[in-house]
Every structure is written in structure tokens, then in C-alpha cells.
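What follows is a short report on a single structure.
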């Protein structure tokens, strides 16, 4: 199986070769999104190096990010004990961002992009250790990375959408919607309705 990832630093492979599950997950992501393009994976020693490479200030909490068809990873030895996931999970998470950004031409809202990335990387298990009771977000489309609850809100919302509509429907909407905010499934009104139902 050709995973079509170009690892620019072989140190990354030691975290992945012992875990064949992530390869199967990567293949599944490629299949469901019909995305087989090559993606580069770069490794950096510090967030400062990532900031210099991207030419913008990257928050200190970042362990992975992406730009175009390049995944940028912070050395796992630096963050492996932070409880944010495995190297493979973060790699899959960033890969989903690359795919979604490409297929939607960078139109996918932040909350949906993050929620779907967490779904495919199976990071929602970490998030759901927090309670999802009494959760409500007035306008999910206004969420930014400045909000500490972004990942939690995104994961919970996508999980609820998948429970109601199924993953196939959500993926179809992601690929085909022209106006996410007004979409009858992914739009503001429906997200409010679903959030309210879960809070009753």
C-alpha cells in the first residue's frame, strides 16, 4: 500500500512503524474523500522554528499544523506527555485538514474542519472525558482559535451531527455545500436546534 506521504525526517517513522492502525485510518480517509495526492510531512524542533518557517506567529500549544499540502509536526519527544494524542493521531488530524482545505477550496468553517479532523483521528475520546452536558454555542461560525473551547465544541457538535445524520451525509454536505452557514444540516439554525435538543 502506497500511503503517499513524504517524510522529510526519518525520526518520525519510529513513532509510526509500530502502529499499523494509523496506516489503515489514513487509507480510509483517502478513500472517503477520494484524495490520493502526495503530502509532505516536516518535523521541527520548536514552535519558534515552525513560526519562522511559516512566517507567522504560531501559538505555543501547537504540536502540529498544515500549510497547503504540507503537514508540519513538532518533535513528538517535546509533547508526548501533554495528553493531546499520539503522534499518529496528530498526523491524521493534520492530514484531514489538508484534505478538507483542498476539496472545499478553504471554505470549510473552523469548527467543522476541527471536528471532522478529530473524528477521523479518533481524538474525540480525549475530548469526551469532559462532560458534554449543558453544552451550547450561540454562533459556532464565530469560533476562532482564541477560544479555549474550540476543540471541545467542534468535537461535540460534529459527534451530534453524525449521530443524527450519519457520517456519509456529513461528508457529502462538506464536499458539496456552497454556503455552510445557511445549510439545512451544517448551518447555524440546525446547529442551534441540535445543541438545544441535547441540552433539554
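Within this structure, residue 96 fails the test of being in the same structural domain as residue 11 (by TED's automatic domain parsing), under 14 Å from the mean Cα position of the chain (by Cα) and part of a loop (DSSP other than H, G, I, E, B). Assess whether residue 5 counts as being farther than 25 Å from residue 147 by Cα and under 19 Å from the mean Cα position of the chain (by Cα). It is true that residue 5 is farther than 25 Å from residue 147 by Cα and under 19 Å from the mean Cα position of the chain (by Cα). The conditions of being modelled with pLDDT of 95 or more, closer than 27 Å to residue 17 by Cβ, surrounded by 15 or more Cβ atoms within 10 Å (Cβ to Cβ) and touching a strand residue (DSSP E or B) at 6+ places or on another chain (Cβ under 9 Å) are not met by residue 41.
For region 44-54, the criterion of a residue being surrounded by fewer than 17 Cβ atoms within 10 Å (Cβ to Cβ), under 24 Å from residue 124 (Cα atoms) and without any contact (Cβ under 8 Å) to a residue 24 or more places away in the chain is satisfied by no position.
With the requirement that a residue be surrounded by fewer than 19 Cβ atoms within 10 Å (Cβ to Cβ) and either touching a residue at least 40 places away in the same chain (Cβ under 8 Å) or in contact with a strand residue (DSSP E or B) (Cβ under 7 Å, 6 or more places away or on another chain) (or both), what does region 66-98 give you? Listed by number, the residues that qualify are 69, 70, 75, 83, 84, 86.
Taken over region 147-190, the residue count meeting the criterion of being free of Cβ contacts under 8 Å to residues at least 12 places away in the same chain, surrounded by 14 or more Cβ atoms within 10 Å (Cβ to Cβ) and either closer than 17 Å to residue 103 by Cβ or not assigned by TED's automatic domain parsing to the domain that holds residue 113 (or both) is 2.
Taking (1) closer than 14 Å to residue 95 by Cα; (2) surrounded by fewer than 15 Cβ atoms within 10 Å (Cβ to Cβ) in turn, residue 23 satisfies each apart from (2). May I ask you to list the residues in region 55-65 that are surrounded by 14 or more Cβ atoms within 10 Å (Cβ to Cβ) and either touching a residue at least 24 places away in the same chain (Cβ under 8 Å) or in a strand (DSSP E or B) (or both)? The answer is 63, 64, 65. Selection within region 99-126: residues that are out of contact with any strand residue (DSSP E or B) (no Cβ under 8 Å at 6 or more places or on another chain) and under 24 Å from residue 9 (Cβ atoms). The member of this set that is surrounded by the most Cβ atoms within 10 Å (Cβ to Cβ) is 117.
The values are calculated or read from the model by the stated rules, or taken from the named source; none is laboratory data. Everything numeric in this text was worked out from a predicted model, so none of it was measured. Here Cβ is always computed from backbone atoms with ideal geometry, including for glycine, and neighbour counts include all displayed protein chains.
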